[in-house]
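Below: one structure, written as structure tokens.
None of the figures in this text is laboratory data; all of them are computed from the coordinates on show. These figures come from a predicted structure and were not determined experimentally. Glycine also receives a Cβ, built like all others from the backbone with ideal geometry; neighbour counts cover every protein chain displayed.
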Protein chains: 2
Amino acid sequence: MKKKRVAIDMDEVMADALGKLIRLYEDEYQLPVDQDELVGHYLDEVVHPDHRSAIRRYLFTEDFFEDLDVMPGSQDVVRQMHERYEIFIVTAAMEFPGSLRPKYRWLQQHFSFIPWSHYVFCGDKSIIQADFLIDDHAKNLVNFSGEPLLFSSPHNANETRFTRLNNWQEVSQYFLSDQ
Amino acid sequence: MKKKRVAIDMDEVMADALGKLIRLYEDEYQLPVDQDELVGHYLDEVVHPDHRSAIRRYLFTEDFFEDLDVMPGSQDVVRQMHERYEIFIVTAAMEFPGSLRPKYRWLQQHFSFIPWSHYVFCGDKSIIQADFLIDDHAKNLVNFSGEPLLFSSPHNANETRFTRLNNWQEVSQYFLSDQ
């Protein structure tokens, strides 16, 4: 039987971009980010208004995406899913063209069992044809033709339209527990 | 009414990669490539057997994809199609990671009317959901769920399974003539 296809987003799902943004911001401005304020908001909405442009500046830094931490549990769960599903990594890399090579290297380093033939660097994810899409952005899920799955991130805390997976343990339960 | 979506391949369709490969080969080895021998074959199948690896070496050169010629007529036709269809550029860039940035810059330079949100750099194109796919490789068309359209290139001369578009004039006739 043909394996079902799961498309998985990178930032905030496999790679901890938010964690690095907070670290860079706190280091530069010596101001702590209040985790409670992040609930339902993006980081640039909760930092001091004068500092908002810094967040985009970090994202456009050539090596920003090079050394992001791997989201806890994602490697083990994706490796197990890879045996039972066809996994594609689908990331909206085009907004930050400097991220293209770093994202490629990051995937080769941390998810080497996924072949490059299954990387997709895109912008608008409505082009993606898959059975499932795991993503932290509602805008990517809303036009998806398969089963949309919202991966929890502080910014999407108030989103209620999609099945929510809070962490990789819940991804594992969703995809691997009943087989 | 929602615009129909057309996915368009880059190399050999929008960008003349073969032309540059032949130029580089002829310059390096001072041997002419016989255009008749290319019919039904890839370039590395018709060059001297001792030189085959050179073709892949050119493709892996960092700037190979930076300055490819635009395929004749493609800019005008894609611009006109852009008004009536939703255009995505879909290129199998992942085999040559050095091509990611050059391909991005090439698109920005030569097809600036297509937003980056509509670039897709991928490997396996079966992930693409569109109404039409224009591509020179049968392997990309065979699993496509929309209408597959084979763009002529010497290597696919003997391919008979798909509707064939020989050049951008024929693409124009196919997409623009009856509207």
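Considering each residue of the range B:62-73 in turn, at least one proves to be in contact (Cβ under 8 Å) with a residue 24 or more places away in the chain, more than 10 Å from every other protein chain (Cβ to nearest Cβ), within 25 Å of A:His118 (Cα to Cα) and aromatic (Phe, Trp, Tyr).
Run B:Val171 past the list (1) assigned to a helix (DSSP H, G or I); (2) free of Cβ contacts under 8 Å to residues at least 40 places away in the same chain and report the number of the one that doesn't hold. So B:Val171 meets the others, but not (2). Taking the range B:138-155, which residues are in contact with a strand residue (DSSP E or B) (Cβ under 6 Å, 6 or more places away or on another chain) and not in a loop (DSSP other than H, G, I, E, B)? Passing the criteria: B:Leu141, B:Glu147, B:Pro148, B:Leu149, B:Leu150, B:Phe151. Scanning the range B:123-137 for residues that are more than 21 Å from B:Leu100 (Cβ to Cβ) and assigned to a loop (DSSP other than H, G, I, E, B), we see that the one that is nearest to the other protein chains (Cβ to nearest Cβ) is B:Gln129. Residues in the range A:57-86 that are more than 16 Å from A:Lys103 (Cβ to Cβ) and out of contact with any Phe, Trp or Tyr (no Cβ under 9 Å at 6 or more places or on another chain) were compared, and the one that is surrounded by the most Cβ atoms within 10 Å (Cβ to Cβ) is A:Glu86.
For the range A:112-122, the condition holds for at least one residue, the condition being that it is facing chain B (nearest Cβ under 8 Å) and part of a loop (DSSP other than H, G, I, E, B). The residues in the range B:115-138 that are closer than 14 Å to B:Met14 by Cα and either surrounded by fewer than 19 Cβ atoms within 10 Å (Cβ to Cβ) or acidic (Asp, Glu) (or both) can be counted, and the count is 2. Filter the range B:8-54 down to the residues that are within 17 Å of the chain's Cα centre (by Cα) and assigned to a helix (DSSP H, G or I), then identify the one that is nearest to A:Ile127 (Cα to Cα). Result: B:Ala17.
Within the range B:77-101, the set of residues being touching a residue at least 24 places away in the same chain (Cβ under 8 Å), assigned to a helix (DSSP H, G or I) and either over 24 Å from A:His118 (Cβ atoms) or more than 10 Å from chain A (Cβ to nearest Cβ) (or both) comprises B:Val77, B:Val78, B:Arg79, B:Gln80, B:Met81, B:His82, B:Arg84. Taken over the range B:145-165, the residue count meeting the criterion of being in contact with a Lys or Arg (Cβ under 9 Å, 6 or more places away or on another chain) and surrounded by fewer than 18 Cβ atoms within 10 Å (Cβ to Cβ) is 2.
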